[in-house]
1. Based on other C-beta atoms within 10 Å, arrange B:269, B:192, B:73 from fewest to most.
2. Between the stretch A:65-85 and the stretch A:247-302, what is the C-alpha centre distance in whole Å?
3. What value, in deg cm²/dmol to 500, does the helix sum -39500 (n - 2.57) over DSSP H runs of n ≥ 4 give at 222 nm once divided by the residues of chain B?
4. Within 10 Å of each Cβ of A:185-192, how many other protein chain Cβ atoms are there on average?
5. Can you give me the relative contact order of the stretch B:6-267 as a percent, contacts being Cα pairs under 8 Å and 6 or more apart?
6. Please say if chain A is rounded, prolate or oblate, where rounded means a/c under 1.5 for a ≥ b ≥ c the square roots of the C-alpha gyration tensor eigenvalues, and otherwise the choice is prolate for a/b larger than b/c and oblate otherwise?
7. Given N residues in the stretch B:1-115, what is Rg(Cα) / (2.2 N^0.38 Å)?
8. Order these by the 10 Å Cβ neighbour count, fewest first: A:275, A:101.
Amino acid sequence: MNRREFLNAGAGALALAALAPGTSFAAEEKPAVAAPKRAIKKGIMWGTVGVAGSVAEKMKAIKAAGFDGAEMMSHMEVEEVLRARDAAGLAIPSVCNRDHWSKPLSHPDPKVREEGLESLKQALRDAKRYGASSVLLVPAVVSKEVAYDDAYKRSQAEIRKAIPLAEELGVKIAIENVWNHFLLSPLEAARYVDEFDTPAVGWHFDAGNILNYGWPEQWIRILGPRMKMFHIKEFSRKKRDSEGLWKGFDVKLLEGDNDWPAILKAVDDIGYHSWAITEQGGGGSPEGLKDLADRLGKILAS
Amino acid sequence: MKRNLKKGLWYSSAPGGSVLEKFQAVKAAGFDGIEPPSHLDQEEVLRAREATGLAIPSVSCGKHSRGLSHPDTAQRTEAVEGLKHALRDAKRYGASSILVVAGGVTQQVSYADAYQRVQESVRQAVPLAEELGVKLAFENVWNHFLLSPLEAARFVDEFRSPAVGWQFDVGNVINLGWPEQWIRILGPRILTLHIKEFSRKKMNEKGPYAGFAVEFLEGDNDWPTVMKAVDAIGYHGWAIVEPAWQPKDVDPAVRLKQISAKLDQILAT
């Protein structure tokens, strides 16, 4: 079981024509009026949207709940997504690669890696169509059969093949920290990104995935400007310790062990002002979506 | 296949009140050596060693080395003094290395700061280690630091000294990785081996620490594969058991013999 399966939802993620990170959202100047504390937009990962209905209906539900955008899955019907996006008035800041768990770029079989690479390229093209600034990529999966060092070498070699397309399209490859037993150190994660020697590769940082073995605010400071996208997820060390490892995810936003004020302080300090995208259970109803958006709002105001 | 690895036991797991009683219990259970902590009475330890004929392959500086990443300079200095004391203990005992915990990462001590501070602190003990011919062996423990085997290898290499290596604990990486991968990646940097069991099933059902509550050979170590990796890197030092769990209602002396027999089985896989 992987984390995405654990979150009672399929796959997915959409998101929008993001402002280029760095433009016009300097949060340093504090307005006198009671404006939102941070100019970070609110998104939700498509696969966590559990309300029934068509793409257009889901988009409307996302909008109604108070989100600004959705992180879509790659390989969807692009025209349909675009129509739904525009009808709902949402943005699509990020696209999640569909096949990185099933066809990892670290697979021992070169054919599987090639398929994974093609899938990544498709995700980049989808992102371009949606106006998304980055693609979420799980770079490798370390397992008993796939050693850490092999995963490192193979995944870098495959990602390098996608860089020319990413550069041409102006879409970044954003590597996410997930429970793939790989890049477990923030220093190593930063090094892994830097070794590509291109601004087209960065990081998609997931707060909740770190708490089992580290502290999100430390990762954010170490990754610094490499951080291109931000996943909001909760985790409870208490539940993990008393009910089992994976139960740590079974907690609502703001009720786990993320120290959100410290995390958002780190986000401010590195000058991040792109999107905050929830990847969290509970989005199975309009009320659930609203609750997620409200909790995200509180996090961003912390 | 019988491997030429010697059998050791973690001192604190031995029953008995005095140093001598502990040494005697370990000897009686069939071990070749014992890994005591630093800062014991050296003469008492040497007498116990002579009386029992046990060897002392390694000295643990686990307690004192945890301060190597402390934000307070004075605490780090104290940790370095602890390392030096442990190195001298080891020299007296004829131990080839000391167990060093590379400080630790906490909410207050960031990963990047720990990396820098531990390297800076330990460098102060390297000249003495080189002079004494005793190595500093970092152990992978649950200190939220050096979580990647590639990073662990790099961390060691950055000292550019043959006096710095690794003490590999098999059971401590199973929550995040696979011991056989660590062994192959660390290769000749491994100076000492800690034998410990861990169950992913228990971790998944009851939380990470519950993973240790499992009998040797009944957890998730793939011992044949682990030992194959040990052979492949040409390791033939000590296999020191660090029991992380004790069954209830078993006499300590009986338990030691059980552990000794389990270790025989592990080494023969």
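Values in this text are rule-based calculations from the coordinates and carry no lab data. Note that this is a predicted model, so its numbers are computed, not measured. Note that each Cβ is placed from the backbone with ideal geometry, even for glycine, and that neighbours are counted across all protein chains shown.
1. Numbers: B:269 15, B:192 26, B:73 10.
The order, fewest Cβ neighbours first, is B:73, B:269, B:192.
2. About 21 Å separates the Cα centre of the stretch A:65-85 from the one of the stretch A:247-302.
3. Values: 11 runs with 116 residues, N = 269.
Using -39500 (n - 2.57) per qualifying helix, the result is -13000 deg cm²/dmol.
4. Working: counts 13, 6, 10, 7, 1, 1, 3, 2.
If you average over the peptide's residues, the count of other-chain Cβ atoms is 5.
5. On the way: 501 pairs, mean separation 46.0, N = 262.
Reported relative contact order: 18 percent.
6. Details: a/c = 1.30, a/b = 1.18, b/c = 1.10.
Rounded is the answer for chain A, as its axis ratio a/c remains below 1.5.
7. Working: Rg = 16.1 Å, N = 115, 2.2 N^0.38 = 13.4 Å.
Cα-based Rg divided by the globular estimate yields 1.21.
8. Values: A:275 28, A:101 17.
The fewest-first ordering by Cβ neighbours comes to A:101, A:275.
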